[in-house]
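For reference, the structure is listed below as structure tokens.
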Amino acid sequence: MGNILNNQNKIFLVTIFCNTPNLNTYRGQKYEEEIREEMLELCYTASLDVVNKGDPVVIILKEINPKTFISRGNIDNIKEKIKNYKIQFLGINIDISPSQQKNLNSLFNVKVITKTEIIYEIFYRRASSSVSKIQIELANLKYIKSRLVGSYEDFDRIRGGIGIKGGAGETKLEIDRRNIDKRISLLKKKLSKIEKHFHLIYGSHRDIYTVSIVGYTNAGKSTLLNALTNADQLEEDLLFSTLEVKSKKLFFNSELSILLVDTIGFIRDLPHHLVESFKTTLLEIKYSKLLLHVVDASSEFIEDHIETVNNTLEDINCKDIPRILVFNKCDKIDPIILDNLKIKFPDSFFISAKNKTNLFELKDFLYKYFYSLKKIEKRGK
């Protein structure tokens, strides 16, 4: 994708759910609000101005139109609404087929973009290291390739600067596929070399105790890192504020310290190609002795967020690493809700990283955990 959005771009948001015999994604009004709020936050992070914040459009489909995904009635309703706004994009929270997206572009006379495309845009903008830039380009190219199914629309934008010079008789689609495959192969080789280098580094530092901080995006991972170590990691109320892995040592005494690592936040429906491509950045998680799984205690979808993180950890082959749940933002919830969480999730920690509440208990646990681990390892030598 890359750089298609700017501060002048205005977007009209439409939230779509399916309630068909084969697909049911609607889970009630609270879930509807959660999904819409997540889309609003993604748009804000991508510097997109949502023009219909106070006029939400929610579609619950009982059947899917193969040509446009949504019904003619829904299309007419949206057309009527967007007449009141000067917009550059119409955003939807789901992926639809390239042909459906192209048809909607024509019907609305505006570019339709999906949640996946907005997430790619955010990652593209926030990638700062050479490794993350390679990873986002690789993920984006895989996504583009998966959508090259006879649709030539807007090729110059989605090609991402790939040079297209083919021989006589070749179709534009064939040329694009071939060039994309070459670029993907090159980027994979670069990442493979980097991964080998990382493995050597991590393998030679097995005596360093690494603790990775994982969690749903915007759960407060960076705030926790800062609170535990007095670090200056970026803290922003934005989705995906951390794309690069940042680490800081936590010293307990002259004989014991651990390396705390702040990782990329996860999100429901995080594009598969993105997860696959960012495995290099997430390598540090694999070498962790312990995971601190940070959960936003103020969310109404705690279990959904926990499941999303657990599924992503499984995708990157990290499901067997010991982990503890750390419920953050406990200052934002009712004491009765907090008590219920403590009953439901025993052996967890309940903190406010921002206010530094109950951090002593967490630090004490980490000290005892790694002090015991160090004693066990000494006996084994």
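Here N77 meets the list (1) closer than 25 Å to L270 by Cα; (2) in a helix (DSSP H, G or I); (3) out of contact with any Ser or Thr (no Cβ under 9 Å at 6 or more places or on another chain) almost entirely, failing just condition (1). Selection within the stretch 75-86: residues that are of a type outside the set (D, E, K, R) and open to solvent by 30 Å² or more (accessible area, probe 1.4 Å). The member of this set that is farthest from Y143 (Cα to Cα) is N84.
Residues in the stretch 37-74 that are in contact (Cβ under 8 Å) with a residue 24 or more places away in the chain, open to solvent by 20 Å² or more (accessible area, probe 1.4 Å) and assigned to a helix (DSSP H, G or I): 3 in all. The residues of the stretch 310-332 that are of a type in the set (A, V, I, L, M) and farther than 18 Å from T223 by Cα, listed by number, are L313, I316, I321.
For the stretch 234-269, filtered to residues that are more than 14 Å from A219 (Cβ to Cβ) and modelled with pLDDT under 85, the residue that is least open to solvent (accessible area, probe 1.4 Å) is L243. The helices (runs of 4 or more DSSP H) located wholly in the stretch 110-173 that include 2 or more residues which are at pLDDT below 50 occupy 155-158.
Among the residues of the stretch 358-381, those identified as within 15 Å of E255 (Cα to Cα) and surrounded by 10 or more Cβ atoms within 10 Å (Cβ to Cβ) are L366, Y367, K368, Y369, F370, Y371, S372, L373, K374, K375, E377.
Within the stretch 193-207, does at least one residue satisfy the condition of being surrounded by 14 or more Cβ atoms within 10 Å (Cβ to Cβ) and at pLDDT 90 or above? No, there is no match, as no residue in the stretch 193-207 is surrounded by 14 or more Cβ atoms within 10 Å (Cβ to Cβ) and at pLDDT 90 or above.
I94: in a strand (DSSP E or B), open to solvent by less than 70 Å² (accessible area, probe 1.4 Å) and under 24 Å from H272 (Cβ atoms), yes or no?
Answer is no for this residue.
The set of residues from the stretch 345-381 being touching a residue at least 60 places away in the same chain (Cβ under 8 Å) and more than 32 Å from the chain's Cα centre (by Cα) comprises Y371, L373, K374. F327 passes every criterion in (1) open to solvent by less than 60 Å² (accessible area, probe 1.4 Å); (2) over 30 Å from F252 (Cα atoms); (3) outside any helix (DSSP H, G or I) apart from (2).
The values are calculated or read from the model by the stated rules, or taken from the named source; none is laboratory data. Everything quoted here is computed from the prediction, not taken from an experiment. Backbone-built Cβ (ideal geometry, glycine too); neighbour counts: all protein chains shown. When the accessible area is computed, the model is the full protein with side chains, heavy atoms only, and any ligands, DNA or RNA have been set aside. Shrake-Rupley method; radii C 1.70, N 1.55, O 1.52, S 1.80 Å.
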